[in-house]
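Asker: Below is one structure. I have some questions about it.
The values are calculated or read from the model by the stated rules, or taken from the named source; none is laboratory data. No experiment lies behind these values; they were computed from the predicted model shown. Here Cβ is always computed from backbone atoms with ideal geometry, including for glycine, and neighbour counts include all displayed protein chains.
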Amino acid sequence: MDLASKIRSIAKKKHVEPALRAGQRQFSIAVRDLMDEAEAEGITTAQRTPPFCTSIQTQGFLRDNGLEVLRVDGPASKKSTTVVVHYRVAGAKKGPKPAKPKVETAEQRAFRLTEKLRGLLKDELAEYGGGEAFIKWVRSDEEQAA
């Protein structure tokens, strides 16, 4: 078994399976914790931080365990013992279900849009003191331009 497979096996046994058994839909794996667990099982971790970081983010690991990566916290290189990978169970709801868009007829849509336009014009006319004042203002601009 290669190093990456051993890392993924430890991650699954110590983090993924317990989280799934507990019914968690989201959980995290800290690379530092994973390295400590690997050392406890006799795997040398000195100078091996990058494989620990990448092994638990591969498509195979995610697919085999039914996971999605939510985010990866840590330095920009994402290759450090301070990296924490946050997972979500694939297919888990991301939030409330969006409401079904209601079907709108052409007549209803036209009415909705013209009412919005009417509201805008009403506000604009009110700024000029009503319809008559607005017309006077428009005509005064035409006379000055001529």
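Asker: If the requirement is being at pLDDT 90 or above, of a type outside the set (A, V, I, L, M, F, W, C) and out of contact with any helix residue (DSSP H, G or I) (no Cβ under 9 Å at 6 or more places or on another chain), which of these qualifies: S28, S80, S9, S55?
Answerer: Going through S28, S80, S9, S55 in turn, the sole match is S9.
One line per residue, one yes/no per condition, for (1) free of Cβ contacts under 8 Å to residues at least 40 places away in the same chain; (2) small (G, A, S); (3) at positive phi:
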| site | (1), (2), (3) |
| --- | --- |
| D2 | yes, no, no |
| K6 | yes, no, no |
| R25 | no, no, no |
| V31 | no, no, no |
| E39 | yes, no, no |
| T45 | yes, no, no |
| S55 | no, yes, no |
| N65 | no, no, no |
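Asker: Kindly indicate whether any position in region 88-106 is modelled with pLDDT of 85 or more and surrounded by 15 or more Cβ atoms within 10 Å (Cβ to Cβ).
Answerer: Yes - at least one qualifying residue is present in region 88-106.
Asker: Condition (residue is touching an Asp or Glu at 6+ places or on another chain (Cβ under 7 Å) and of a type in the set (S, T, N, Q)) applied to region 41-56: is it met by at least one residue?
Answerer: yes
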